[in-house]
Amino acid sequence: MLLDDNGYIDGYIQYTMTAAHTPYHIVFMIEEDGQKVFFGGDDAPQLQQMKNRFVAKYDYDGKKCMELRQQWWQQGQAEKWIFLFYHDIKTPVVKPA
């Protein structure tokens, strides 16, 4: 495997293997100048899934996916992350208020 379970790319892109949507699914956090941008890929593909408790049958570990989404949403709201949702036509980018 090219990547370890968790690590950094170029010192500012953090990756974490969640094994939630698929066994080797990875999410990314980009941090620069104090701003964090979170890309959850298929673990967190749409804003609506972040706001509601939703277990998808198509996820490798649906319960874990749901729990991670709740955790990321709460932490991201508190820390004012920018969220990227590539499966969300209405809200592909959510910026803190």
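The values are calculated or read from the model by the stated rules, or taken from the named source; none is laboratory data. Everything numeric here is computed off the predicted structure, so don't read it as measured data. Here Cβ is always computed from backbone atoms with ideal geometry, including for glycine, and neighbour counts include all displayed protein chains. Ligands, DNA and RNA are excluded from the accessible area calculation, which covers all protein heavy atoms including side chains. Shrake-Rupley method; radii C 1.70, N 1.55, O 1.52, S 1.80 Å.
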Checklist outcome for this item: Note, region 72-85: 3J(HN,Hα) by Karplus (6.51, -1.76, 1.60, θ = phi - 60°), whole Hz, Gly/Pro = x, goes 5, 5, 5, 5, x, 5, 5, 9, 6, 5, 9, 9, 10, 10
Next on the checklist: Are there any trypsin sites (Lys or Arg not before Pro) in region 2-97 that are in a DSSP loop and have at most 13 other Cβ atoms within 10 Å? List them by number.
Outcome noted: ARG53, LYS57, LYS80, LYS90
Item to check | Normalised contact order of region 24-97, rounded percent, pairs of Cα under 8 Å and 6 or more residues apart | outcome: 33 percent
Checklist entry - With every protein chain in place, what's the accessible area of TYR58 (1.4 Å probe, Å², nearest 10)? => result 140 Å²
Checklist entry - How much length is gained if the chain between HIS87 and GLN35 is pulled fully straight, taking 0.36 nm per residue apart and subtracting their Cα-Cα distance, in nm to one decimal? => result 16.5 nm
Item to check | Stokes-Einstein D (µm²/s) once Rh is taken as the Kirkwood radius of the chain over alpha-carbon pairs, at 37 °C in 0.692 mPa s | outcome: 241 µm²/s
Checklist entry - Which lysines does LYS80 reach when only Cα atoms under 21 Å apart count, and residues fewer than 8 places away in its own chain are ignored? => result LYS36, LYS51, LYS90, LYS95
Item to check | Å² of accessible area per residue within the chain, as computed with a 1.4 Å probe and no ligands counted | outcome: 65 Å²
Checklist entry - Once the other residues with Cβ under 13 Å from the Cβ of LYS36 are scored (Lys, Arg +1; Asp, Glu -1), what is the net sum? => result -2
Checklist entry - In region 18-97, what percent of the accessible surface is made up of carbon and sulfur (1.4 Å probe, ligands and nucleic acids excluded)? => result 53 percent
